[in-house]
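What follows is one structure encoded as structure tokens, with my remarks underneath.
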């Protein structure tokens, strides 16, 4: 699959919303990633079956193991508004563990080149299911699922195996 983001490129320095327990706040992605090892996983949508049964829960469950491998930031990127991302984070006990990035206009998703058109299913533009590893703002690894219903290369287990 062709994407704009590749190993060796800098993660886009954009500002979007982060869903927190206190509400939505602006997050500067360059500042969030500066000097840190991070994993950002992209999902097609909050509250969708695979995202809610496997993808997000896997990262919540394995968060401490990722931290033990030096991963300081684990973030979930989805083309949803911050209110939906907050409710989804609350439903999975992810707030405070996973940075819930609300990419409502798909700005980051498009900059990464992982956008896909789900208009035929009345879902509009969404992100591909993916995992991106970043060190000090530079992408070191990109894995994109061949099928949006699979969590083979982009889940927490696959990320842990890379470290």
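Just so it is clear, none of the values below were taken in a lab; they were calculated from the coordinates. Keep in mind that what you see is a predicted model, and the values were worked out from it rather than measured. Positions of Cβ are generated from backbone atoms using ideal geometry, with glycine treated the same way; all protein chains shown enter the neighbour counts.
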task = Sort the following peptides by mean Cβ neighbour count (other Cβ atoms within 10 Å, averaged over residues), highest first: 54-60, 128-134, 142-148.
result = 128-134, 54-60, 142-148
query = Kirkwood Rh, the chain, all Cα pairs: how many Å?
reply = 15.3
note = Taking the alpha-carbon centre of each part, the distance from the range 3-42 to the range 70-113 in Å is 9
message = Can you show me the helix-derived [θ] at 222 nm for the chain, built from DSSP H runs with n ≥ 4 at -39,500 (n - 2.57) apiece and divided by the number of residues, rounded to the nearest 500.
response = -6000 deg cm²/dmol
request  = Give the relative contact order (percent, whole number) for the range 100-163; include only Cα pairs under 8 Å separated by 6+ residues.
outcome  = 20
